[in-house]
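**Student:** If you scroll down you'll find the structure; I have some questions about it.
Quick note: the coordinates plus some simple rules give every number you see, no bench work behind them. Keep in mind the model is a prediction, meaning the values are calculated, not measured. So basically every Cβ, Gly included, is an ideal-geometry build from the backbone, and we count neighbours across all protein chains shown.
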Amino acid sequence: MTLLTFEPGVQSLEYSFFKSGIRPPFRSGRIQGFREPSDESHSQREALRTIAWRARPDLIAIRAPFGGTEFTGPALASRSTLERLGRLVEGDPLHIPPIIALAEACADAFPGARVVLVFETAFFARLDTLDLAAG
């Protein structure tokens, strides 16, 4: 299995390809300026084209900085998941729109690969539940 990970930054998109059971990544890199305010989805598709020739992933994991309390764990980037995420834009207008565009661009660039969103806020969304269970 080949895993492709994405870590979007403010001005760059870091990516790494992993093979099952092998560390470190067999390919990695950074694409500068992948966020173009005029047309995010177009610039992300261009960025994906620059790495698509390197390998064909079976699974794609995208680090998403914000999922609010809506997402308490990783989520398959289905149409309904992206719609739920879209309803959270007011809470994080800087990060959510590019994450949605990237997930959609990945589905187009890598047909057949599953796209999963991994939310940084998932840990914090469950803290109250964990505190109650421990207390």
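**Student:** How much length, in nm to one decimal, is gained on full extension between GLN32 and ASP58, taken as 0.36 nm per residue of separation minus their Cα-Cα distance? Mind showing how you got there, number by number?
**Tutor:** Working: separation 26, 0.36 × 26 = 9.36 nm, distance 2.47 nm.
That works out to 6.9 nm of additional length.
**Student:** Moving on. Based on the Cβ-Cβ distance of VAL10 and THR69, what FRET efficiency does E = 1/(1 + (r/R0)^6) give at R0 = 35 Å, to the nearest 0.05?
**Tutor:** Details: r = 24 Å, r/R0 = 0.69.
It comes to 0.90.
**Student:** Using θ = phi - 60° and the Karplus curve 6.51 cos²θ - 1.76 cosθ + 1.60, what whole-Hz ³J(HN,Hα) does each residue of segment 74-86 get, with Gly and Pro shown as x?
**Tutor:** Karplus values, whole Hz, x for Gly and Pro: x, 9, 5, 7, 7, 4, 5, 5, 5, 5, 4, 5, x.
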